[in-house]
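What follows draws every value from the coordinates through simple rules; no lab data is involved. Keep in mind that what you see is a predicted model, and the values were worked out from it rather than measured. Cβ atoms come from the backbone with ideal geometry, glycine included; neighbour counts cover every protein chain shown.
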Amino acid sequence: MIHGASGKQRRHWGCKGRAVDRAEIATGFAAVGYIADRDLATAIMLMDMLGRPLLLEGAAGVGKTAVATALAACHGSNLIRLQCYEGLDQAAALYEWNYQRQLLAIKAREGRDDASAAEIEEDLFSERYLLQRPLLAAIREPTKAVLLIDEIDRADEEFEAFLLEILSDFQVSIPELGTIKARSIPRVILTSNGTRELSDALRRRCLYHYVEFPDIEREAAILRSRLPALGIDLAGQVATLVAAIRREDLRKTPGVAESLDWAAALLGLGVGHLASDPELLFDSLICLLKTQEDRARFDRTTLSRLLAQVA
């Protein structure tokens, strides 16, 4: 899937011939709505400097995918996403032929003898029948794209080995067309939720950063960045309570996306202080707690106990 950068987005760093520092990266990310800490800014700086893929690990919901989105926005690049899943194969990730269109072309030629069998075959396996999938699309971009390989831990080890070849050479051999070399080397970000152990070979190929849940101060800044109408006090209260909720024994820990949804809901409900209407606050937790088990376990007594930490 390819996402284009809007015309209002511009390149914030990385001008030719000039080194870039972490502060500049953090400023660029903040300008597109992502509050990056020092460690992440360092990882992005070194990824650009060394031209290496960056592997981001962390729990679901910490904002790993959003890093790639912010990176593409900062550079005004296309974001090309490969969503991994069990059974993902080369055809779905790299390319395949448009068989339906090829069959239609064959039917259209029936009864005609204006081309030899070799010419027909050459035409049927020309680029106009080629369906580009994310990996091929990324290396054929005329300008450097951001390639997001999302949840690589969901793919199997065989696909991981294939991916290593692509990341090493950034070229693709298509038997019918020959070798296709990269027009530009994409910036590559891989994410993993840790559902299986990744190979040592893949880890050696990449730079590495573990994405933690943001601390209270940074989460409050994220909330204020995305929801300017949220007051400083309420943003701090939401971030503090969400941090406390994450320390509870939950089946699904709420991520940053959930805290943003909850803060937006509180704004819409006219809540100015979390303690002002505990019953309404409890009802609004559907934005944070996403399993029946967590909803049943997190009762009003638990909410009152955690609210006392916010006051």
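Any chance you could give the angle, 0 to 90 degrees and rounded to 10, that helix 300-310 forms with the longest Cα principal axis of the chain? Roughly 80 degrees, rounded to the nearest 10.
Computed over Cα pairs, the Kirkwood radius of the range 77-231 leads via Stokes-Einstein (1.306 mPa s, 10 °C) to a diffusion coefficient of 85 µm² per second. The three principal axes of the C-alpha atoms in the range 216-310 carry coordinate ranges of 33, 24, 22 Å, sorted with the longest axis first.
Our summary of shape: the Cα atoms of the range 127-178 have principal axis extents of 33, 25, 20 Å, ordered from largest down, in whole angstrom. Using the beta-carbon distance between R101 and S173 and R0 = 22 Å, what value does 1/(1 + (r/R0)^6) give for FRET efficiency, to the nearest 0.05? That pair, R101 with S173, gives E of 0.45. Taking 0.890 mPa s as the viscosity and 25 °C as the temperature, the Stokes-Einstein diffusion coefficient of the chain based on its alpha-carbon Kirkwood radius rounds to 111 µm²/s.
I'd like the antiparallel share, as a percent to the nearest 5, of DSSP beta bridges with both residues in the chain. So the antiparallel bridges in the chain amount to around 35 percent. Lysine pairs in the chain with alpha-carbon atoms under 27 Å apart, 8 or more places apart or on different chains: how many are there? Value for the chain: 10.
Loop-located trypsin sites (Lys or Arg not before Pro) in the range 228-283 (DSSP state not H, G, I, E or B) with no more than 13 neighbouring Cβ atoms inside 10 Å: R247, R251. For the chain, the mean residue ellipticity at 222 nm estimated from helices alone is -13500 deg cm²/dmol, where every DSSP H run of n ≥ 4 contributes -39500 (n - 2.57) and the total is divided by all residues, rounded to the nearest 500.
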